[in-house]
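**Q** This is the structure, below, for whatever I ask next.
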Amino acid sequence: MRKQPTPPKKNVKPKKKATPRKAKKKIAKKWEMPEWLYYVLMGVMVVLFIAAFYYFFIRPYAYRWKPCYGFKGYGVCMPSGYHVHGIDISHYQGEVDWNMLEETREGRFPVKFIFMKATEGGDFADDKFVANFDSAKAHGFIRGAYHFYNPKTDPHKQADFFIRSVKLESGDLPPVLDIEKKSKDMKKLQGDLKIWLRKIENHYGVKPIIYASYKFKTRYLNDSIFDTYPYWIAHYYVDSVKYQGEWQFWQHTDVGTLPGIDEQVDLNVFNGSLSEMKELLLK
């Protein structure tokens with residue numbers, strides 16, 4: 001048989017293998033803060049900033065700008081009802097013109113007494129103390145000396161240092177313990193302060209005065225032993241003393257301006273008459 005011719009092969013293109021489709025990645029939409037929320041948060045932040053600024057920087061000094069309904073003296077509104085005025089100074093006030101300062105005794109608020117820093121810790125002596133202490137007496141002021149207590153230094157060492165540095169005489173104010181710094185161990189500090197007070201009292205024959213802020217006294221020195229000592233309270237920017245216990249002196253401002261002293265000065269009043277204050281003096 002005759003073979004049938006085979007038909008020519010068609011050029012058939014090879015079929016491409018189907019590739020699986022890749023799943024499209026879902027792109028998460030970036031969250032955008034609504035405009036109204038942005039302004040709300042900014043407003044809250046501004047309010048918080050103003051409140052914090054007022055609380056820490058304005059409020060503590062706002063009393064200085066309050067209207068003075070009494071009498072002004074030495075650049076501040078003087079507390080009413082007190083007749084015996086005084087100041088306290090240290091080397092921070094620099095050189096004092098005692099002749100000019102003496103003129104304050106003729107004004108509406110005559111300066112009667114002056115406390116002066118004598119010592120600090122166990123070895124720091126105020127370099128203006130001797131000159132200030134002698135000049136205060138020479139110009140007719142009732143004088144006193146204070147010790148700035150350092151909680152890190154042995155109380156016996158501090159008391160001995162003050163005794164060596166300060167020679168009090170009849171007519172002087174009692175020695176002063178100035179306590180402002182806290183300690184990690186407040187119970188130990190309380191015991192150390194009592195050691196200092198007893199040692200000073202035994203040497204000078206008179207109870208020392210405790211100088212402390214209103215908060216420090218009420219929080220840490222509020223017991224039956226500390227309460228037996230005369231109290232000099234530091235309490236600024238208030239119209240009156242809020243302390244409920246007995247107190248003898250009130251340091252009511254730290255921004256007084258007096259003739260003869262270039263720097264600002266702490267101003268004080270005595271809680272009583274001049275004759276009552278003189279009962280405190282060394283005999």
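**Q** Only residues that are over 24 Å from residue 87 (Cβ atoms), of a type outside the set (A, V, I, L, M, F, W, C) and assigned to a loop (DSSP other than H, G, I, E, B): list them for region 214-244, please.
**A** Once the filter is applied, which keeps residues that are over 24 Å from residue 87 (Cβ atoms), of a type outside the set (A, V, I, L, M, F, W, C) and assigned to a loop (DSSP other than H, G, I, E, B), region 214-244 yields 222, 223, 224, 244.
**Q** Counting only residues that are touching a Pro at 6+ places or on another chain (Cβ under 9 Å) and not basic (Lys, Arg), which one in region 172-184 is nearest to residue 221 (Cα to Cα)?
**A** Of everything passing the filter in region 172-184, 179 is nearest to residue 221 (Cα to Cα).
**Q** Kindly list the number of the only condition in (1) at pLDDT below 95; (2) crowded, with 16+ Cβ neighbours inside 10 Å that fails for residue 244.
**A** (2)
**Q** Please work out if residue 143 is of a type outside the set (A, V, I, L, M, F, W, C), under 22 Å from residue 277 (Cβ atoms) and modelled with pLDDT under 95.
**A** no
**Q** Related question: Check residue 250 against each of (1) part of a loop (DSSP other than H, G, I, E, B); (2) in contact (Cβ under 8 Å) with a residue 24 or more places away in the chain and name the one condition it does not meet.
**A** (1)
**Q** Just checking, how many residues over region 264-283 are polar (S, T, N, Q) and in contact with a Gly (Cβ under 8 Å, 6 or more places away or on another chain)?
**A** Going through region 264-283 one residue at a time, the tally reaches 2.
**Q** Oh, and also: Going by the structure shown, is residue 227 of a type in the set (D, E, K, R), without any contact (Cβ under 8 Å) to a residue 60 or more places away in the chain and closer than 27 Å to residue 91 by Cα? Spell out the reasoning first.
**A** Numbers: of a type in the set (D, E, K, R): yes; without any contact (Cβ under 8 Å) to a residue 60 or more places away in the chain: yes; closer than 27 Å to residue 91 by Cα: no.
Judged against the criteria, residue 227 is not a match.
**Q** What number of residues within region 69-88 are modelled with pLDDT under 80 and surrounded by 11 or more Cβ atoms within 10 Å (Cβ to Cβ)?
**A** Residues flagged as modelled with pLDDT under 80 and surrounded by 11 or more Cβ atoms within 10 Å (Cβ to Cβ) within region 69-88 amount to 1.
**Q** Further question: How many of the residues in region 65-120 are within 30 Å of residue 150 (Cα to Cα) and acidic (Asp, Glu)?
**A** Total meeting the criteria: 3.
**Q** Go through 267, 282 for me and flag whichever is in a loop (DSSP other than H, G, I, E, B), touching a Ser or Thr at 6+ places or on another chain (Cβ under 6 Å) and touching a residue at least 60 places away in the same chain (Cβ under 8 Å).
**A** Within the list 267, 282, the selection yields 282.
This table checks each residue for (1) in contact with a Phe, Trp or Tyr (Cβ under 9 Å, 6 or more places away or on another chain); (2) over 21 Å from residue 270 (Cβ atoms); (3) aliphatic (A, V, I, L, M).
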position	(1), (2), (3)
178	yes, no, no
186	yes, yes, yes
194	yes, yes, no
198	no, yes, no
204	no, no, no
212	yes, no, yes
222	no, yes, no
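**Q** Go through region 199-226 and count every residue that is at pLDDT 95 or above and of a type in the set (Asp, Glu).
**A** Here the count works out to 1.
**Q** Shifting gears a bit: Got a sec? Which of 196, 250 is in contact with a strand residue (DSSP E or B) (Cβ under 9 Å, 6 or more places away or on another chain), at pLDDT 95 or above and within 21 Å of residue 119 (Cα to Cα)?
**A** So the residue among 196, 250 that is in contact with a strand residue (DSSP E or B) (Cβ under 9 Å, 6 or more places away or on another chain), at pLDDT 95 or above and within 21 Å of residue 119 (Cα to Cα) is 196.
The values are calculated or read from the model by the stated rules, or taken from the named source; none is laboratory data. Note that the structure is predicted; figures quoted are calculated from it, not measured. Neighbour counts run over all protein chains shown; Cβ positions are idealised from the backbone, glycine included.
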